[in-house]
1. Quick one: which of A:88, A:74, A:92, A:67 is within 8 Å of chain B (Cβ to nearest Cβ) and over 30 Å from residue B:99 (Cα atoms)?
2. List the helices (runs of 4 or more DSSP H) inside region B:217-318, counting only whole elements, that have at least 1 residues being within 14 Å of chain A (Cβ to nearest Cβ), more than 19 Å from the chain's Cα centre (by Cα) and surrounded by fewer than 18 Cβ atoms within 10 Å (Cβ to Cβ).
3. What's the number of the only condition in (1) in contact with a His (Cβ under 7 Å, 6 or more places away or on another chain); (2) surrounded by fewer than 24 Cβ atoms within 10 Å (Cβ to Cβ) that residue B:112 fails to meet?
4. State all residues of region B:130-141 that are within 22 Å of residue B:168 (Cβ to Cβ) and within 14 Å of ligand 1 (Cβ to nearest atom); if no residue qualifies, say none.
5. Can you list the strands (runs of 3 or more DSSP E) lying wholly within chain A that have 2 or more residues being in contact with a His (Cβ under 8 Å, 6 or more places away or on another chain)?
6. Just need a number here: residues in region B:164-202 that are more than 20 Å from residue B:243 (Cα to Cα) and either within 13 Å of ligand 2 (Cβ to nearest atom) or within 14 Å of chain A (Cβ to nearest Cβ) (or both).
7. Being touching an Asp or Glu at 6+ places or on another chain (Cβ under 8 Å) and within 18 Å of residue A:16 (Cα to Cα) is the filter here; which residues of region A:40-72 pass it?
8. Being at pLDDT 95 or above and more than 16 Å from ligand 1 (Cβ to nearest atom) narrows it down to one residue among B:71, B:102, B:84; which is it?
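The values are calculated or read from the model by the stated rules, or taken from the named source; none is laboratory data. Computed from a prediction, not measured in an experiment: that's the story for all the values here. Cβ sites come from the backbone with ideal geometry, for glycine too, and all protein chains shown count toward neighbours.
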Amino acid sequence: MSNDNQFPLWEVFVQAKSGTPYKHAGSVHAADKEMALMNARDLYSRRNEGTAIWVVPASAIVASSPEEIGSFFEPSNDKAYRHPTFYEIPAEVKHI
Amino acid sequence: MENNTVNFENVFNDKIGKNEYIEPKDWMPEKYRKTLIRQISQHAHSEVIGMQPEGNWITRAPSLRRKAILLAKIQDEGGHGLYLYSACETLGISREELIRQLHTGAAKYSSIFNYPALNWADIGAIGWLVDGAAIVNQVSLQRTSYGPYSRAMVRICKEESFHQRQGYELLLELCRGSKEQKAMAQDAMNRWWWPSLMMFGPHDADSAHSADSIKWKIKRETNDELRQKFIDKTVAQAEFLGLTIPDPDLKWNEARGHYDFGKIDWEEFNNVIKGNGPCNKQRLEHHVKVHNENAWVREAANAYAAKKAKAAKGALVA
Ligand SMILES: [Fe+2]
Ligand SMILES: [Fe+2]
């Protein structure tokens, strides 16, 4: 019997250049964190796509569930006053 | 209680109708999931098996420039396979199972890779025609309804254009070279043209999976539509090279605004799918052999990771 184990799954986040947020690029399989980082570099930055990489064990990610999407995000639905367009400012008032 | 019950199927259909994306944790019909696993895994296996006919030429590339280009191209294809395996795994199938299905023949890969790359011009023809056909298909799949598949396609499409251009440039060099070099290019064209057209799959009327795939927007254009697109854009490129497309029935149809083309030999296509192509056995055997020979690497990496994890735990306790 050969060893078929393909290693745990890691999620990869890449920062395109300093000052910008890290963005999810995709996933890799790796036995440990060093291998995860090297695989992520080989797979997601072959064309200078990034200057920094995070790898995170996929099992460590906690996600919201789509079934609860309504109630979960409901608290922000009725708060139009959080948006600047909610407020009426006379046209004479500038730079606000 | 009643108004808390969501009809998941309606939510799904609604999203498809509004051209929204389906994400891994969303409810989806079992057949949608199965169709995606079949299509994405076949796509992933094709990228990986497709490395073999080209890999065959790395040591024989005629210059360092060409060798570096070919290596980079093949490395990209391996990467494409990995993007797609990951997308497929979000549907609840493991990488181990995906590879097992390839090895047992339960999963397929594109028939095109069961043809041999016989001479150096074939490397040009593969880049220009095979990647060219793949690009037409993949550009369309960027709008597929499954989010992870779509994201993989966007990334792949960004990388593909160099694949096609290096192939075309290679052929252009041969076509501008000696008589023998031009003949090599024509020979490659003759052998790769029809299999490239077959890459789009059977005609719509004979395609077993088309209707559901279009309904669920897994595929956005049909096999015949994509094939026509590929032919229409490739003819002028062949003319520029001075190569003849091996189809006496190929001609511009003013009324349709498309090229008409000759009959595709579906008997050959089905024969290759059934396993009787020139390289079916060799391609699969090679994959199985390398997978088994590298088992010790996976074992060692796992053992090393386990040892380090244990040491880290020990340090924490101390
Ligand atoms: Fe590819
Ligand atoms: Fe490619």
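1. After ruling out the rest, the residue left standing is A:67.
2. Counting at least 1 such residues, we get B:280-293, B:295-317.
3. With respect to (1) in contact with a His (Cβ under 7 Å, 6 or more places away or on another chain); (2) surrounded by fewer than 24 Cβ atoms within 10 Å (Cβ to Cβ), residue B:112 is out only on (1).
4. Passing the criteria: B:130, B:131, B:132, B:133, B:134, B:135, B:136, B:137, B:138, B:139.
5. It comes to A:9-15.
6. Of the residues in region B:164-202, 1 are more than 20 Å from residue B:243 (Cα to Cα) and either within 13 Å of ligand 2 (Cβ to nearest atom) or within 14 Å of chain A (Cβ to nearest Cβ) (or both).
7. A:46, A:47, A:55, A:56
8. Just a single option satisfies the conditions, and that option is B:102.
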